[in-house]
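**Student:** Sharing a structure with you now.
The values are calculated or read from the model by the stated rules, or taken from the named source; none is laboratory data. Not measured: the values here are computed from a predicted model. Counting neighbours? That spans all protein chains shown, and the Cβs are built from the backbone with ideal geometry, glycine included. These accessible areas exclude ligands, DNA and RNA; they are computed on the full protein's heavy atoms, side chains included. Shrake-Rupley method; radii C 1.70, N 1.55, O 1.52, S 1.80 Å.
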Amino acid sequence: SQQGEEDPQALSIQEGENATMNCSYKTSINNLQWYRQNSGRGLVHLILIRSNEREKHSGRLRVTLDTSKKSSSLLITASRAADTASYFCATTYNTDKLIFGTGTRLQVFP
Amino acid sequence: GAGVSQSPSNKVTEKGKDVELRCDPISGHTALYWYRQSLGQGLEFLIYFQGNSAPDKSGLPSDRFSAERTGGSVSTLTIQRTQQEDSAVYLCASSLWVADTIQYFGAGTRLSVL
């Protein structure tokens, strides 16, 4: 079964708005990663946050991690139409095998 | 090559036929992964190769699925006697086997079983 569950399943916003996606997981982790997928094809790594980190930034992306709640959030600020994609969280624990969440489909309207 | 390469990009086959999907990882990456993604769903782990270690096959859904990795590089995923429920996008990824590893994905093979 999948480790992560993401919320919401789908999100529609206007350009310029912020988009927030949440991920919950079930067991201990070494790190949590966020990936982006365009058009149902290959995934692209966005950001990695370690289990001992609480917040990380990369450009317009901000990721938080709360290990006590086993949850993470991805915030995309000042969204653009090009941000339209599916976003997945993925976790590892004592292995390089990634366990993916169910994904959030983000639609950004111009 | 510069990235993970998968072939074919699309495959249409008839129920009951065997198919082979190929993955060429990034040069120097010791770990290789296969995933399956059904329409609108998340990624389902299938199998994981790491160096010369025995592969982790725990995600293979049935004995009709097998994979090999020759010479620590190219991998082939074989599906025997394909069924309609095998229709999905099959994604391959590779990584350097280090702490905080990041996986690099190919564009996938879209398999349609008629």
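**Student:** Pick from the range A:75-98 the residues that are open to solvent by 30 Å² or more (accessible area, probe 1.4 Å) and in a loop (DSSP other than H, G, I, E, B): which of them is nearest to residue A:31 (Cα to Cα)?
**Tutor:** The residue in question is A:93.
**Student:** If you check residue B:76 against the conditions, is it touching a strand residue (DSSP E or B) at 6+ places or on another chain (Cβ under 6 Å) and more than 10 Å from chain A (Cβ to nearest Cβ)? Reasoning before the result, please.
**Tutor:** Details: touching a strand residue (DSSP E or B) at 6+ places or on another chain (Cβ under 6 Å): yes; more than 10 Å from chain A (Cβ to nearest Cβ): yes.
Here the answer is yes, as residue B:76 does meet what is asked.
**Student:** Here is a further query. Among the residues of the range B:3-40, what is the count of those that are within 14 Å of chain A (Cβ to nearest Cβ), open to solvent by 60 Å² or more (accessible area, probe 1.4 Å) and not small (Gly, Ala, Ser)?
**Tutor:** Qualifying residue count for the region: 2.
**Student:** For the subset of the range B:91-104 comprising residues that are in contact with a Phe, Trp or Tyr (Cβ under 8 Å, 6 or more places away or on another chain) and part of a strand (DSSP E or B), which member is farthest from the other protein chains (Cβ to nearest Cβ)? Talk me through it step by step, then tell me what you get.
**Tutor:** Residues of the range B:91-104 in contact with a Phe, Trp or Tyr (Cβ under 8 Å, 6 or more places away or on another chain): B:91-95, B:103.
Then keep just the ones that are part of a strand (DSSP E or B); that gives B:91-95.
Details: B:91: 7, B:92: 9, B:93: 8, B:94: 11, B:95: 6 Å.
Going through the qualifying residues, I end up with B:94.
**Student:** Restricting to the range A:48-66, count the residues that are within 14 Å of another protein chain (Cβ to nearest Cβ), surrounded by fewer than 16 Cβ atoms within 10 Å (Cβ to Cβ), of a type outside the set (D, E, K, R) and in a strand (DSSP E or B).
**Tutor:** Selection size over the range A:48-66: 1.
**Student:** Every residue in the range B:88-111 that is open to solvent by 40 Å² or more (accessible area, probe 1.4 Å) and either over 17 Å from residue B:51 (Cβ atoms) or in contact with a Pro (Cβ under 9 Å, 6 or more places away or on another chain) (or both), please.
**Tutor:** From the range B:88-111, those open to solvent by 40 Å² or more (accessible area, probe 1.4 Å) are B:96-100, B:102, B:104, B:107, B:110; that's our starting set.
Those that are open to solvent by 40 Å² or more (accessible area, probe 1.4 Å) and either over 17 Å from residue B:51 (Cβ atoms) or in contact with a Pro (Cβ under 9 Å, 6 or more places away or on another chain) (or both): B:100, B:102, B:104, B:107, B:110.
**Student:** Could I ask something else about it? Has the range B:6-26 got any residue that is free of Cβ contacts under 8 Å to residues at least 12 places away in the same chain and under 24 Å from residue A:41 (Cβ atoms)?
**Tutor:** no
**Student:** Quick one: count up the residues across the range A:27-47 that are within 14 Å of chain B (Cβ to nearest Cβ) and open to solvent by 40 Å² or more (accessible area, probe 1.4 Å).
**Tutor:** Of all residues in the range A:27-47, those within 14 Å of chain B (Cβ to nearest Cβ) come to A:29-47.
Adding the requirement that they be open to solvent by 40 Å² or more (accessible area, probe 1.4 Å) leaves A:30, A:36, A:38-39, A:41, A:44-46.
The number of residues fulfilling the criteria is 8.
**Student:** Can you pull out every residue in the range B:48-64 that is more than 10 Å from chain A (Cβ to nearest Cβ), touching a residue at least 12 places away in the same chain (Cβ under 8 Å) and surrounded by 11 or more Cβ atoms within 10 Å (Cβ to Cβ)?
**Tutor:** First, pick out the residues of the range B:48-64 that are more than 10 Å from chain A (Cβ to nearest Cβ): B:49, B:51-55, B:57, B:60-64.
Imposing the further condition that a residue be touching a residue at least 12 places away in the same chain (Cβ under 8 Å) reduces the set to B:49, B:51-52, B:55, B:60-61, B:64.
Within the range B:48-64, B:49, B:55, B:60, B:61, B:64 meet the criteria.
**Student:** For the structure I just gave you, tell me whether residue A:43 is in contact with a Phe, Trp or Tyr (Cβ under 8 Å, 6 or more places away or on another chain) and modelled with pLDDT under 95. Spell out the reasoning first.
**Tutor:** Values: in contact with a Phe, Trp or Tyr (Cβ under 8 Å, 6 or more places away or on another chain): yes; modelled with pLDDT under 95: yes.
Yes: the conditions hold for residue A:43.
**Student:** Do we find a residue being in contact with a helix residue (DSSP H, G or I) (Cβ under 9 Å, 6 or more places away or on another chain), of a type outside the set (Val, Ile, Thr) and surrounded by 22 or more Cβ atoms within 10 Å (Cβ to Cβ) anywhere in the range B:71-86?
**Tutor:** Just the residues of the range B:71-86 that are in contact with a helix residue (DSSP H, G or I) (Cβ under 9 Å, 6 or more places away or on another chain), to begin with: B:76, B:79.
Narrowing the set further to residues that are of a type outside the set (Val, Ile, Thr) leaves none.
Scanning the range B:71-86 turns up no residue that is in contact with a helix residue (DSSP H, G or I) (Cβ under 9 Å, 6 or more places away or on another chain), of a type outside the set (Val, Ile, Thr) and surrounded by 22 or more Cβ atoms within 10 Å (Cβ to Cβ).
**Student:** Within the range A:1-47, considering only strands (runs of 3 or more DSSP E) that don't extend past its boundaries, which have at least 2 residues that are farther than 21 Å from residue B:44 by Cβ?
**Tutor:** A:10-14, A:19-24
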